[in-house]
1. Taking the residues in the range 199-212 that are more than 10 Å from the ligand (Cβ to nearest atom) and part of a helix (DSSP H, G or I) as candidates, determine which candidate is farthest from the chain's Cα centre (by Cα).
2. Go through the range 306-363 and report how many residues are of a type in the set (Val, Ile, Thr) and within 16 Å of the ligand (Cβ to nearest atom).
3. Do you know which of the residues in the range 213-229 that are near the ligand (Cβ under 8 Å from one of its atoms) and in a loop (DSSP other than H, G, I, E, B) is surrounded by the fewest Cβ atoms within 10 Å (Cβ to Cβ)?
4. So which residues in the range 167-198 are more than 13 Å from the ligand (Cβ to nearest atom) and small (Gly, Ala, Ser), if there are any at all?
5. Just the residues that are over 19 Å from VAL106 (Cα atoms) and among the basic types (Lys, Arg), please, taken from the range 162-206.
6. Residues in the range 281-298: is at least one part of a helix (DSSP H, G or I), within 16 Å of the ligand (Cβ to nearest atom) and at pLDDT 95 or above?
7. Looking only at the range 314-347, count every residue that is assigned to a loop (DSSP other than H, G, I, E, B), surrounded by fewer than 22 Cβ atoms within 10 Å (Cβ to Cβ) and among the acidic types (Asp, Glu) and tell me the total.
Amino acid sequence: MLGPWFLSPTLAVGANSALGYVGRRWRRERTHQRPQFARAYGDRMQVDSLPLVGPPTPLLPMSRLGSALGIGTDRLWVKRDDLTLVGGGGNKARKLALLCADALDVGATVLVTGGAVQSNHVRVTGAAAAMAGLRAVGVVGGRRGAPEGNVVLDALFGIELIDAADRYGAVDLAAAIEAECERLRSAGERPYHIPLGGSSPLGASGYVAAAEEIRAALGDCTVYVADGTGGTHAGLVAGFGDHRRVRGVDVGAVPDVAGVVAALAGDVASVVDRPVPIGVPWVDGGQVGAGYGRSTRAAEEAMTLAARTEGLVLDPVYTSKAFAAMVHDVRDQALPDGPVVFLHTGGLPGLFVERHMRTMAGG
Ligand SMILES: Cc1ncc(COP(=O)(O)O)c(C=O)c1O
């Protein structure tokens, strides 16, 4: 299978390379230290999670959307994780709240992560680093153009962007992040490696709490979520204890995202001392279109529908495809029984990239 569009095939990230490796290594090195991790947030408090998320994010009915789709006003809900506190919001806050606390606990001086040029994860890592008093480096792959979208915010938050291909040549992006950590280590820094999407078992475990918030409000339900690296999906599944509660919508960022979710959900469950989730990952591969970062007619229609029925802004890369999958299932009468929750994972800055602006504004 081809890798994501923003990486050359040699940079493609496989399910068993980056995510699996980090998961295994984290378990080996950190599990026994769990009670001690992240005791410090500056000198101000002792926490194992930084306050990057805020209070439980709103869970709101999408009554006008339900009416417009002809299924009544009480079936569809939206969980507003686009409204988390740090760096413009989005799903990365729940992961980074734990990862940054761990970084402080181990005495790190600099967070090192990576992604596509327009990575939301890199942007929010920059903001989280600022809140934690750390430096941050983002190793990015893909075409570089005029500063736009997330890149503008990267500059504002002061994250240092490094072009993976320029510095490390044609290597796996995850390997380039590790190589950058090594370079910083030899320069006397203490780097903290955050994998792509923040999707280590510890990072993904941030989504256990989101599952609990949803279950406390709605009981048994199904959550639609965009699958990039699969960490958000895996954390939710670990929180529900059941793969059938989560429908991931592949956006084409990594090959075999279902395989990643299966392994990572088990790893997250062990981080939070829960049973291995029952069932198998449920991933909808029907919305990828031409690939990662390429919008589709269905995604564009979803953006307009969400905006004009619920006043919701979706992004062109992730949330619009997840929303399109949910709308498709409503129209196909394939919606699961019970309440259905669309997890809004953020990504708004990605709309302000020239090609997407032209499409959505009709330019
Ligand atoms: C806006 C947005 N939604 C969803 C995702 C996917 O999350 P995950 O990588 O945990 O699958 C991302 C990942 O970057 C994202 O930026």
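The values are calculated or read from the model by the stated rules, or taken from the named source; none is laboratory data. Keep in mind it's a predicted model, so treat the numbers as computed, not measured. Here the Cβ positions follow ideal geometry from the backbone for every residue, glycine too, while neighbour counts run over all protein chains shown.
1. First, pick out the residues of the range 199-212 that are more than 10 Å from the ligand (Cβ to nearest atom): 200-202, 205, 208-212.
Retained after the next criterion (residues that are part of a helix (DSSP H, G or I)): 201-202, 208-212.
Values: PRO201: 13, LEU202: 13, VAL208: 14, ALA209: 15, ALA210: 13, ALA211: 15, GLU212: 18 Å.
Across the range 199-212, the extreme among qualifying residues is GLU212.
2. As a first pass, look at the range 306-363 and keep what is of a type in the set (Val, Ile, Thr): 309, 313, 317, 319, 327, 330, 340-341, 345, 353, 359.
After this cut, where a residue has to be within 16 Å of the ligand (Cβ to nearest atom) as well, the list is 313, 317, 319, 341, 345, 353.
Of the residues in the range 306-363, 6 are of a type in the set (Val, Ile, Thr) and within 16 Å of the ligand (Cβ to nearest atom).
3. Step one: list which residues in the range 213-229 are near the ligand (Cβ under 8 Å from one of its atoms), which gives 225-229.
Pick out the ones that are also in a loop (DSSP other than H, G, I, E, B) and you get 228-229.
Numbers: GLY228: 30, THR229: 27.
Ranking the candidates gives THR229 first.
4. GLY169, ALA170, ALA174, ALA175, ALA176, ALA179, SER186, ALA187, GLY188, listed by residue number.
5. ARG167
6. Of all residues in the range 281-298, those part of a helix (DSSP H, G or I) come to 297-298.
With within 16 Å of the ligand (Cβ to nearest atom) added as a condition, the list becomes none.
Checked the range 281-298: no residue is part of a helix (DSSP H, G or I), within 16 Å of the ligand (Cβ to nearest atom) and at pLDDT 95 or above.
7. From the range 314-347, those assigned to a loop (DSSP other than H, G, I, E, B) are 314-318, 332-339, 345-347; that's our starting set.
Keeping just the survivors that are surrounded by fewer than 22 Cβ atoms within 10 Å (Cβ to Cβ) gives 332-339.
Retained after the next criterion (residues that are among the acidic types (Asp, Glu)): 332, 337.
So the count comes out to 2.
Here is a yes/no grid of residues against (1) polar (S, T, N, Q); (2) near the ligand (Cβ under 9 Å from one of its atoms):
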residue: GLY231; (1), (2): no, yes
residue: VAL237; (1), (2): no, no
residue: ASP250; (1), (2): no, no
residue: PRO255; (1), (2): no, no
residue: ALA263; (1), (2): no, no
residue: SER270; (1), (2): yes, no
